[in-house]
Amino acid sequence: MDKDTKVKVTSTILGSVTVQLPNLNFTRIWPNKGAAVMIPFSILEEGLFDTGFSNLIHDGSLYIEDMAAKKALGLEADDAKEPENIVVLNENKMLFLLKTASVDVLKDTLSKVSLEQANNLAQYAIDHQINDFEKADIIKARTGRDITKSILLERENKVD
């Protein structure tokens, strides 16, 4: 991949993310979830040697959709058709997991995603008041977040 090619990097977390790579004279801010920044491939390639930036990429907090770029950076296997190492749950996938998917599919998916992505799923369930007790227990085991209790607290807060 050409060093000057720009790669879209999107934030998947609710808060603000700042990346500073002083040795590369690079600073970028993702102000919220869904914010995207175009980053030169050469910066990504060098930036992955920085532990903090590498962790943000590997846990899916900052996500690269371009499979060719991910393969060139060594983030996915060369023969991968779908993301395998870094899985990010979009809104449709979260809705499917919470409402339609079997418990086994949820368990399998939660074993593949980062803790950050599992927390995003828990927050989505709370925000949309989706509560399946069995699935809530599985999510609680992975994240420590009690969806049922959180939904009840949200309802109480709205009444007050």
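The values are calculated or read from the model by the stated rules, or taken from the named source; none is laboratory data. Since the structure is predicted, the reported quantities are computational estimates derived from the model, not experimental observations. Using ideal geometry, Cβ is built from the backbone for each residue, glycine included, and neighbour counts are taken over all protein chains shown. For accessibility, only protein heavy atoms count, side chains too; no ligands or nucleic acids. Shrake-Rupley method; radii C 1.70, N 1.55, O 1.52, S 1.80 Å.
Between rounded, prolate and oblate, where does segment 68-160 land on the alpha carbon gyration tensor, with a ≥ b ≥ c its root eigenvalues, rounded for a/c under 1.5, else prolate if a/b exceeds b/c?
In terms of gyration-tensor shape, prolate.
For segment 33-84, what % of the accessible area comes from carbon and sulfur atoms, probe 1.4 Å?
Carbon with sulfur: 50 percent of the solvent-accessible area.
In what sequence, highest mean first, do 45-51, 127-133 appear when ranked by Cβ atoms within 10 angstrom?
Packing proxy ranking, top to bottom: 45-51, 127-133.
Can you list which of the trypsin sites (Lys or Arg not before Pro) found in segment 58-91 are DSSP loop residues with at most 12 other C-beta atoms within 10 Å?
Here the trypsin sites (Lys or Arg not before Pro) that fit, given the DSSP loop and packing criteria, are K81.
In the neighborhood of A80, defined by Cβ-to-Cβ distances under 10 Å, what is the net charge if each Lys or Arg adds +1 and each Asp or Glu adds -1?
Cβ neighbours under 10 Å give a net charge of -2.
Keeping every protein chain present and rolling a 1.4 Å probe, give me the accessible area per residue for segment 73-160 in Å².
Accessible surface, normalised per residue, equals 61 Å².
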